[in-house]
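Data block below; observations after.
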Amino acid sequence: MKKDLGVQQAVFPMPVLMIAAYDENGKVNVMNAAWGQIAASDKIALFISEPHKTTKNIRKTKAFTVSIADVDHMDVADYFGMASGNTVEDKFERTKYHVTKSTHVNAPIIEEFPVCMECELEDIVDGSIHAVVGKIVNVCADESVLDENGKVDPGKLHALIFDNFQSGYYEVGKKVGQAWNAGKKWL
């Protein structure tokens, strides 16, 4: 029998995404966000609110990157979610992480995170929800997380996922089936 738990953010897993943008002076800001998802074949929607420094920067520069956090960089990923760029002037610099300017958009690529989507701002939806919608113009990945066919291998990526129930981080586990195949017996 199920027990009522009330209103909760009951979606699991949630991604651990590092959203990065430059400010008007070219300074890097990064935030941790779990509320993001692919919205079309070349779109990502990030449900981040207006007061975030990163949101303000995206509005100004019209570009951003979204990296997938991994186990090896969990401590810094968590820090990027705890410290606000509105109050911590040297937030990114404290980590001693490295950045490369994207050649596709006016946004920083954080070298330590293994997979990065380079995005142009397409829209900001402001209504009953607040969403930053980006057009993905390129994805870059460290060779260490690619398979023999040049595709990202989740088993090598060791991506973090967020648990809304207990505020935990987990590592993406093993592959247990193949999409568009596991349910064929019911076709």
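Listing for the model above:
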| read-out | value |
| --- | --- |
| The one condition in (1) out of contact with any Gly (no Cβ under 8 Å at 6 or more places or on another chain); (2) more than 19 Å from PRO154 (Cα to Cα) that ASP72 fails to fulfil | (2) |
| MET74, sole failed condition from (1) closer than 23 Å to LYS101 by Cβ; (2) open to solvent by 70 Å² or more (accessible area, probe 1.4 Å); (3) in contact with a strand residue (DSSP E or B) (Cβ under 7 Å, 6 or more places away or on another chain) | (1) |
| Matching residues, region 87-105, being under 14 Å from ALA21 (Cβ atoms), out of contact with any Ser or Thr (no Cβ under 9 Å at 6 or more places or on another chain), open to solvent by less than 80 Å² (accessible area, probe 1.4 Å) and not in a helix (DSSP H, G or I) | VAL99 |
| Positions within region 125-138 being surrounded by fewer than 16 Cβ atoms within 10 Å (Cβ to Cβ) and either under 14 Å from the mean Cα position of the chain (by Cα) or part of a strand (DSSP E or B) (or both), in sequence order | VAL125, ASP126, VAL137, ASN138 |
| Complete set of residues in region 139-187 that are without any contact (Cβ under 8 Å) to a residue 24 or more places away in the chain, part of a helix (DSSP H, G or I) and open to solvent by less than 100 Å² (accessible area, probe 1.4 Å) | PRO154, GLY155, LYS156 |
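The values are calculated or read from the model by the stated rules, or taken from the named source; none is laboratory data. Here the structure is a predicted model, which means the values were calculated and not measured. Cβ: placed from backbone, ideal geometry, glycine included. Neighbour counts: every protein chain shown. To get the accessible areas, we keep the full protein, side chains included, count just its heavy atoms, and leave off ligands, DNA and RNA. Shrake-Rupley method; radii C 1.70, N 1.55, O 1.52, S 1.80 Å.
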